[in-house]
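Have a look at the structure below before the remarks.
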Amino acid sequence: AQSVAQPEDQVNVAEGNPLTVKCTYSVSGNPYLFWYVQYPNRGLQFLLKYITGDNLVKGSYGFEAEFNKSQTSFHLKKPSALVSDSALYFCAVRDEPGGSYIPTFGRGTSLIVHP
Amino acid sequence: ETGVTQTPRHLVMGMTNKKSLKCEQHLGHNAMYWYKQSAKKPLELMFVYSLEERVENNSVPSRFSPECPNSSHLFLHLHTLQPEDSALYLCASSQEGASGITDTQYFGPGTRLTVL
């Protein structure tokens, strides 16, 4: 079975400060991990994914995520937050092989960047 | 965001109405999805059409009926809905590999549905 958890409903950070949005997962095989962002009144947009290879994955808009197998985590990070980064962020996981071929999404974390 | 389009963007309907949501993808993908997004809840997968095969979440009520006439178009037919069905309905598409592996999903902007 595959599952994902986003332990924070909301993250607040000041503009210019580093940000982290947390995600932990559970799979029986190897995880395929995704981050998506949703701006108000919009659909989800793909940010980045981890399939295999380097544990640090770089994505769109200056975001990156670090895959940590021992901690079963895939936290989203950005060195310097912008007000325009304020949005809803979703982590998703797929178990490979043997799991559902359709990703499971977390509940989402609302990121608020204050000027 | 023009890769996956959804119409209408907003819909208000009574419980006795029949309406349909439309989704179209221009990405050449072979899989399409319907999701329900409610406040404070995880994204709920409702239906998947993959390689023309339908996969559904058994918890979705029968008042929701999907239709996928081809790989580019997806409909969600609605009838006798309840107020708790009010939500954002998202369509997505992806390219599914031969082994059934789903790659990145591309989402439409959603239809905001309100049931009175």
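Taking the Cα centre of chain A as the origin and placing charges on Cβ (Lys, Arg +1; Asp, Glu -1), which of A:LEU111, A:GLN10, A:PHE34 is farthest toward the positive end of the dipole?
Going by the charge dipole, the pick is A:PHE34.
Can you compute the FRET efficiency between A:GLU64 and A:TYR39 using 1/(1 + (r/R0)^6), with r the Cβ-Cβ distance and R0 = 22 Å? Round to the nearest 0.05.
Step by step, r from the Cβ atoms, then E = 0.70.
Classify segment A:1-95 from the C-alpha gyration tensor, please: rounded if a/c falls under 1.5, else prolate or oblate depending on whether a/b exceeds b/c.
Here segment A:1-95 falls in the prolate category.
For segment B:21-113, what size does the Cα cloud have along each of its three principal axes, sorted from largest down, in whole Å?
Ordered largest first, segment B:21-113 gives principal extents of 39, 26, 24 Å.
GNM on chain B, C-alpha springs below 10 Å: top fluctuator among B:ALA31, B:ALA92, B:ALA39?
B:ALA39
Give me the dipole magnitude in Debye, nearest 20, for chain B about the Cα centre, with unit charges on the beta carbon: positive for Lys and Arg, negative for Asp and Glu.
Dipole of chain B, to the nearest 20 debye: 520 debye.
In sequence order, what are the phi-derived ³J(HN,Hα) couplings for segment B:32-46 according to the Karplus relation 6.51 cos²θ - 1.76 cosθ + 1.60 with θ = phi - 60°, rounded to whole Hz, with x for glycine and proline?
Calculated HN-Hα couplings, in order: 9, 9, 10, 10, 10, 10, 10, 4, 6, 10, x, 4, 9, 6, 9 Hz.
Which order results if A:ASP54, B:ASP103 are arranged by neighbouring Cβ count within 10 Å, fewest first?
In increasing order of surrounding Cβ atoms, one gets A:ASP54, B:ASP103.
Pop the C-beta distance of A:THR20 and B:HIS10 into the FRET formula with R0 = 30 Å and round what comes out to the nearest 0.05.
0.30
Mind checking which of B:ALA39, A:PHE46, A:PHE74 is farthest towards the positive end of the protein assembly as shown's charge dipole, using Cβ charges of +1 (Lys, Arg) and -1 (Asp, Glu) about the Cα centre?
B:ALA39
Quick check: Cα centre of segment A:1-49 to Cα centre of segment B:72-89, how many Å?
About 26 Å separates the Cα centre of segment A:1-49 from the one of segment B:72-89.
Using the 10 angstrom Cβ neighbour count as an exposure proxy, how do A:LEU47, B:LEU74 rank, fewest first?
By the 10 Å Cβ count, ascending: A:LEU47, B:LEU74.
Using a Gaussian network model of chain A with C-alpha springs under 10 Å, which one of A:ASN41, A:ASN30, A:ASN17 is most mobile by mean-square fluctuation?
Of the options given, A:ASN41 has the highest mean-square fluctuation.
Under 5 Å between amide H atoms, partner at least 5 residues away or on a different chain: which partners does B:VAL60 have, H built in plane at 1.01 Å?
So B:VAL60 has HN proximity to no qualifying residue.
Loop-only check: which GluC sites (Glu not before Pro) in segment B:32-68 are DSSP coil with at most 10 other Cβ within 10 angstrom?
B:GLU52
In the protein assembly as shown, which Cys residues have no partner Cys with a Cβ closer than 4.7 Å?
Within the protein assembly as shown, the cysteines lacking a partner Cβ under 4.7 Å are B:CYS68.
Starting from the Cα of B:LYS22, step 7 Å along the direction of its Cβ; do the same at B:LEU116; then give the gap between the two resulting points in nm.
In this crude spin-label approximation the distance works out to 2.4 nm.
Treat each spin label as a single point 7 Å out from the Cα along the C-beta direction, and report the A:SER80 to B:GLU67 distance in nm.
5.3
Below 8 Å, C-alpha to C-alpha, sequence gap of six or more: please give me the relative contact order for chain B in percent.
37
Can you put B:VAL115, A:VAL21 in order, fewest other beta carbons within 10 Å first?
The order, fewest Cβ neighbours first, is B:VAL115, A:VAL21.
Here, each number is a calculation from the coordinates, and none is a lab measurement. Fair warning: this is a prediction, and the values are worked out from it, not measured in the lab. Cβ sites come from the backbone with ideal geometry, for glycine too, and all protein chains shown count toward neighbours.
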